[in-house]
Number of protein chains: 2
Amino acid sequence: MKLTLVSIGINSHLDMSLRGVEAARNADRVYAEMYTMKMDTTLTELAELAGQQVIPLPRGGMEEQGGELIKAAKEMDVAVLVGGDALSATTHISLLLDAKEEGVETEVIHGSSIFTSITDTGLSIYKFGKTVTIPFPEKGPVDSVLRTLGENHEYGNHTLMLLDLNMAEDRYLGINEAIERLFETEKFPRDSLLIGVARLGSMFPTIKADTAEALSRYDFGDSPHALIAPGRLHFLEEDALVALAGCPRSVIDAHKVQGEVDRLIAKYTKGCRKVLKELRNNELPASVTEDQVKEMLEHTERYLDDAEYYSGEQKAVALTSVAYAEGILDALKLLGLVEFEW
Amino acid sequence: MKLTLVSIGINSHLDMSLRGVEAARNADRVYAEMYTMKMDTTLTELAELAGQQVIPLPRGGMEEQGGELIKAAKEMDVAVLVGGDALSATTHISLLLDAKEEGVETEVIHGSSIFTSITDTGLSIYKFGKTVTIPFPEKGPVDSVLRTLGENHEYGNHTLMLLDLNMAEDRYLGINEAIERLFETEKFPRDSLLIGVARLGSMFPTIKADTAEALSRYDFGDSPHALIAPGRLHFLEEDALVALAGCPRSVIDAHKVQGEVDRLIAKYTKGCRKVLKELRNNELPASVTEDQVKEMLEHTERYLDDAEYYSGEQKAVALTSVAYAEGILDALKLLGLVEFEW
């Protein structure tokens, strides 16, 4: 008695592994989850592979049917066919945990996935950072997408952006619309290098790299679509984007990855250097009053408050604020106006 | 005439997809690369699947044999069987590019991989950051491993650490030895939460989460091994580590992910708050001399030099230095000692 999650793989039933097919054939009952991704397959084709009827899980999928699946797996060997790789979705991990808790043996048979197939672009799989999903407009803003892009760019990593879908309504967010969503924030540069991928893993994929502006008007054909925002590129990755994704060399040459910390370091260093060159002393020696020092301390306190306020989501700003406060305190000390020990 | 890279998949020939098997059967010549990862399969088993002889690529593998493969693919359909997912290794992307350049049609058939199978730990695949390899001692230090861990921790991401191997000499870096390498740096806390995985994707995997110290003495059995350093954990991931990786709850409770920027913000904020509470004014008004101001400006300049020096690999330190310099300059200005505009 066992519950086996079988990956169908990235595109069609032909992407299933021999082990997966074997598990489906040997199971006493086979279910298929058809609502997590768009596949180029049918229940009939899956049933033919499994050598038996395949029961489609209804729209609520795993989340609603988990109990039923686990109950069945207490009495017989149950296989659940899942599009892509079986454990890429959180709901499937939940199902595994629930099954464990009920004492049901589980097995997972992995398969091909968008998470590995993105290498068709020529980008190194090692250098991908956190993955994010661009939601439909009615599902909310894309703030977290921009935040993830910024975080990944901080260390030069690539970002896979999955696009929202609603299988029940047969709606799939397309690359054009997804890019428009990024543009609407007015914080995403139109000349950013992006890679659009459509129907990855199929016989007729489309892989195209160009500026976001150009891709927002490019016809990628049928879904599923996804986007990749490259980070820092190795020269081999640059060559690959030209050869495998038809990227104009000029767009690659103009591609620049700068994290928020990099940006702040560059900006403040430039500012401070300029000030050091241009500043003039007032008449010295000069007298500093108690009120002036008090004002400086209040000023410092405000920056510390800022540091704490921004420490959650704008860490670079927070660090800047507190280090600035340190500078002021040290200045007061080194000028002999106040006494303290760090 | 075509060159097809066929993924064997994570563990054995049974992880190959139906499409992969079909491609191997239809090819005029089939090669297998046996030197990139340890697989639980044999040439005979692969040949049986392919329905024809399978030619092992010699030790230099793709890098040395690429020319021969491409030459063959100009005259016949060539399939190359590759362990894991076919494009996870850079050398395979190079081969694709070389083939393109020679006008040879290419195809890639993806498969299961360590990059997706790490979800067997219950960690979300979305939250993995950059991947890194822990090298054998003779291949160099583990500095870049620690740097990648720090970068991924900055935003709470998980880190997959692959372990070095030398197939020709049948040597595989094991989890115990890999952890010792991290300890030797004296910068990797012994009570860090780690997950060790062995033979992932096989029928008898070992998945164990605990402190690094405990895992350094845990018997994981046969290779291949890999390590995962978790970032911030969702409660579902915590439950999964307990249920799927036998992690002691106390180790999870003690798990704390703090990036370098977080650490500096916390440290400096605490320091500044303390100073603000304890500092005493000297006798005021007080006189500030030209020499004192000159000294302050030199002090500032040194911090700017530091900022530039550290801006490459210690970005948090660099940002701290420059923001500190800003604080000093602003203090001089606000005290009326110097004049400048930002």
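In the range A:40-174, taking the dipole from charged Cβ atoms about the Cα centre, the farthest positive-side position among A:Thr41, A:His92, A:Thr106 is held by A:His92.
Candidates B:Ile207, B:Gly67, A:Met76 compared by Cα position along the dipole of the protein assembly as shown: farthest toward the positive end lies A:Met76, with charges placed on Cβ. In units of the rule-of-thumb radius 2.2 N^0.38 Å, the range A:52-141 shows an alpha carbon radius of gyration of 1.34.
For the range A:1-160, the C-alpha radius of gyration divided by 2.2 N^0.38 Å, with N the number of residues, is 1.14. For B:Phe136, the residues whose modelled amide H falls within less than 5 Å of its own, excluding neighbours fewer than 5 places apart on the same chain, are B:Asp164. Within a straight-line Cα-Cα reach of under 17 Å, A:Lys74 can be paired with the following aspartates and glutamates, leaving aside sequence neighbours fewer than 8 residues apart in one chain: A:Asp28, A:Asp98, A:Glu101, A:Glu102, A:Glu105, A:Glu107. Taken over the range A:204-250, the ratio of Cα radius of gyration to 2.2 N^0.38 Å equals 1.17.
Using only alpha-carbon positions in the range A:259-310, the gyration tensor eigenvalues give semi-axes of 27, 22, 4 Å once each is multiplied by 5 and square-rooted (largest first). Using a cutoff of 8 angstrom between alpha carbon atoms and counting only pairs six or more residues apart, the relative contact order for chain B works out to 14 percent. According to the Cα-based calculation, Rg over Rh for the range B:228-274 is 1.17, with Rh computed by the Kirkwood formula.
Rounded to the nearest 10 degrees, the inclination of helix A:90-101 to the longest alpha-carbon principal axis of chain A is 70 degrees. At the listed q of 0.08, 0.10, 0.17, 0.19 Å⁻¹, the Debye profile of the range A:99-247, built from one uniform point per Cα, gives log10 I(q)/I(0) equal to -0.24, -0.36, -0.96, -1.17. For the range A:26-38, backbone phi angles converted through the Karplus equation (6.51, -1.76, 1.60; θ = phi - 60°) give residue-by-residue couplings of 7, 5, 7, 8, 10, 10, 9, 9, 10, 10, 8, 8, 7 Hz, Gly and Pro being listed as x.
Dipole check for the protein assembly as shown: with +1 at the C-beta of Lys and Arg, -1 at the C-beta of Asp and Glu, and the Cα centre as origin, the magnitude is about 120 Debye. Annotation: amide H-H contacts under 5 Å for A:Val338 (H modelled 1.01 Å from N, sequence separation of 5 or more, or interchain): A:Lys333, B:Asn282. Compactness of the range B:1-81 is given as radius of gyration and Dmax, 11.6, 32 Å, from Cα positions. Spread over its residues, the convex hull of the C-alpha atoms of chain B is 195 Å³ per residue. Closest approach of a chain A Cβ to the axis relating A and B (residue, whole Å): A:Gly327, 1. Simple rule: put +1 on each Lys or Arg Cβ and -1 on each Asp or Glu Cβ in chain B, find the dipole, and look at B:Gly51, B:Ala286, B:Gln258; the Cα lying farthest toward the positive end is B:Gln258.
P(r) tail, the range A:206-342: Cα-Cα pairs separated by more than 25 Å, 56% of all pairs. Just to be sure I understand: if I project the alpha-carbon convex hull of the range B:149-231 onto a plane and average over all orientations, what area do I get in nm²? Reported value for the Cα convex hull: 5.8 nm². Relative to the longest principal axis of the Cα atoms of chain A, the long axis of helix A:290-310 lies at roughly 10 degrees.
Per the Kirkwood formula applied to alpha carbons, the protein assembly as shown shows a radius of gyration over Rh ratio, Rg over Rh, of 1.04. Placing unit charges on the Cβ atoms only, positive for Lys and Arg and negative for Asp and Glu, gives chain B a dipole magnitude near 940 debye about its Cα centre. Reported value for the range B:278-342: 104 Å³ per residue, from the convex hull of its C-alpha atoms.
Computing Rg and the Kirkwood Rh from the Cα coordinates of the range B:151-194 gives a ratio, Rg/Rh, of 1.05.
For B:Glu308, the point set 7 Å out from Cα toward Cβ sits 3.7 nm from its twins in the other copies, listed from shortest up. Buried surface for the A/B pair, taken as the accessible area of each chain alone minus that of the pair with a 1.4 Å probe, is close to 10200 Å² in total. Solvent-free Debye calculation, one equal scatterer per alpha-carbon of the range B:1-48: log10 I(q)/I(0) at 0.13, 0.24 Å⁻¹ equals -0.27, -0.94. Dimensions of the range A:34-100 based on its C-alpha atoms, expressed as ranges along the principal axes with the largest first, amount to 30, 26, 19 Å. Counting from the shortest, the label point at B:Glu184, 7 Å from Cα toward Cβ, is 5.5 nm from the same position in each remaining copy. Amide H to amide H, with H built 1.01 Å from N, A:Lys2 comes under 5 Å of A:Met76, A:Asp77, A:Val78, counting only residues 5 or more places away or on other chains. Calculated mean residue ellipticity at 222 nm for chain A: -13500 deg cm²/dmol, from DSSP H runs with n ≥ 4 weighted as -39500 (n - 2.57), summed, divided by the residue count and rounded to 500. Applying the Karplus relation 6.51 cos²θ - 1.76 cosθ + 1.60 with θ = phi - 60° to the range A:80-85 yields 3J(HN,Hα) values of 10, 8, 10, x, x, 8 Hz, where x marks Gly and Pro.
Computed in the context of the full set of protein chains, the accessible area of chain B at 1.4 Å probe radius has 47% of its extent on carbon or sulfur. Think of each Lys and Arg Cβ as +1 and each Asp and Glu Cβ as -1; about the Cα centre, that makes the dipole of the range B:7-102 roughly 40 debye.
Each residue of the range A:149-159 was assigned a 3J(HN,Hα) from its phi angle through the Karplus curve 6.51 cos²θ - 1.76 cosθ + 1.60 (θ = phi - 60°); the sequence is 4, x, 4, 5, 5, 3, 10, x, 7, 7, 10 Hz, with glycine and proline shown as x. Please report the spacing between the Cα centers of the range B:319-342 and the range B:139-199 in Å, no decimals. Each part's Cα centre sits 43 Å from the other's. Annotation: the range A:184-278 has a Kirkwood hydrodynamic radius of 15.4 angstrom, from the mean reciprocal C-alpha pair distance.
Accessible area per residue for the range A:248-342 is 53 Å², calculated with a 1.4 Å probe on protein heavy atoms, without ligands, DNA or RNA.
When the pairs B:Lys100/B:Lys139; A:Lys270/B:Lys315; A:Lys270/B:Lys274; A:Lys71/B:Lys127; A:Lys315/B:Lys127; A:Lys127/B:Lys139 are compared against a 26 Å limit on Cα-Cα distance, B:Lys100/B:Lys139; A:Lys270/B:Lys274; A:Lys71/B:Lys127 fall above it.
In the full protein context, the range A:86-208 carries 37 Å² of accessible surface per residue, based on a 1.4 Å probe and ignoring ligands, DNA and RNA.
The values are calculated or read from the model by the stated rules, or taken from the named source; none is laboratory data. Computed from a predicted structure; not experimentally measured. A quick note on method: Cβ atoms are made from the backbone with ideal geometry, for glycine too, and the neighbour counts reach across all protein chains shown. Quick note on the areas: whole protein, heavy atoms, side chains included, nothing else; ligands and nucleic acids left out. Shrake-Rupley method; radii C 1.70, N 1.55, O 1.52, S 1.80 Å.
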